[in-house]
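Reading through the structure tokens given below for one structure.
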Amino acid sequence: MSLVLYHHPYSRAATVLWMLEELGMDAELKYVDFKTNAQKEPEFLALNPMGKLPVLVDKGAVITEVAAIGLYLADRYSLGNLAPSLSDLSRSQYLRWALFSPSVIEPALAAKAGNFEFRASAVGWGTSDAVVETMHHALSKGRYLLGEDFSMADVIFGGTLRFMLRFKMLEPAPRFEEYAALLAARPQLQRAEARNNALAEEHGLGK
């Protein structure tokens, strides 16, 4: 098996399982035990000095960060399907919203939840209100980020949105809930969640 995923059920590696389901692919899963701080062991740090999951290894190539993993997998294994082709102008929006998620949504809403103080002009994400407004704009073109076409950007952006709704870091606006429900209805996501839950049970992890 060419793909190896370093995984823990309660980490962002769960999103990579969804990506793999969308691709119809599998990976060897290597469980990283947070209780023993296995993610801080030298062997793991040699792959990702951040000591964070997920880490994906594809024939020796090491990829970290959820958005980078998703973009890599879609380009390598589903170009023209889950990733717009290089000549497709919709690729501009595909990249825009895929990268908006980790670079803008996550820090902005985390800062709001933690009541962090900062000058909006000094940070890349501005204000949380502007971020939420822009999320609405991103979802205004159709059912998905690219209109009627589902893409890997929806896994990245949608995974973040679903997390933020679940932990009440984002107000449950009707459009956000509609989009989250649309994603939740995908058999690929359902299979990924079932597998993740089974792995959590296998390793004796509580909810």
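Shape call for the stretch 1-131 from the C-alpha gyration tensor, a ≥ b ≥ c root eigenvalues: rounded (a/c under 1.5), prolate (a/b greater than b/c) or oblate? It is oblate, given that a/c is not under 1.5 and a/b is not larger than b/c. Here the dipole of the stretch 91-186 is about 140 debye; that uses its Cα centre as origin and unit charges on the Cβ of Lys and Arg (positive) and Asp and Glu (negative). Counting charges near E193 (Lys, Arg +1; Asp, Glu -1) among other residues having Cβ under 11 Å from its Cβ returns a value of +3. Remark: relative contact order (the stretch 91-186) = 32 percent; criterion is Cα-Cα distance under 8 angstrom and separation of 6 or more residues. Adding -39500 (n - 2.57) for every DSSP H run of four residues or longer, then dividing by how many residues the chain holds, sets the calculated 222 nm ellipticity at -14500 deg cm²/dmol. Distance between the pseudo-spin-label points of E171 and D33 (7 Å out from Cα toward the beta carbon): 4.6 nm.
Normalised by the number of residues in the chain, what is the relative contact order in percent for Cα pairs under 8 Å and 6+ residues apart? Spell out each step's value before the answer.
Details: 235 pairs, mean separation 48.3, N = 207.
Normalised by residue count, the contact order of the chain is 23 percent.
Subtracting the Cα-Cα distance of E202 and S140 from their residue separation scaled by 0.36 nm leaves 18.3 nm. Loop-located GluC sites (Glu not before Pro) in the stretch 108-162 (DSSP state not H, G, I, E or B) with no more than 15 neighbouring Cβ atoms inside 10 Å: E117, E148. Largest first and in whole Å, the equivalent-ellipsoid semi-axes of the stretch 79-178 read 25, 15, 11, each the square root of five times a Cα gyration tensor eigenvalue.
Between E193 and S103, the modelled labels are 3.0 nm apart [label points 7 Å from Cα along Cα→Cβ]. Ranked by the mean number of other Cβ atoms within 10 Å per residue, highest first, peptides 10-22, 152-164, 99-111, 188-200 order as 152-164, 10-22, 99-111, 188-200. Anisotropy class assigned to the stretch 11-64 is prolate, per the alpha carbon gyration tensor with a/c at or over the 1.5 cut-off and a/b larger than b/c. Going by neighbour counts of Cβ atoms within 10 Å, the residues Y31, Y144, Y77 line up, fewest first, as Y31, Y77, Y144. Among the lysines of the chain, pairs that are 8 or more positions apart or on different chains and have alpha carbons within less than 24 Å of each other number 14. Compared with the alpha-carbon gap, the fully stretched path from N115 to L95 is longer by 4.2 nm at 0.36 nm per residue.
No lab work stands behind these numbers, since they all come straight from the coordinates. Please read these numbers as outputs of a predicted model, since none were measured by experiment. In this analysis, Cβ positions are derived from the backbone assuming ideal geometry, glycine residues included, and neighbour counts consider all displayed protein chains.
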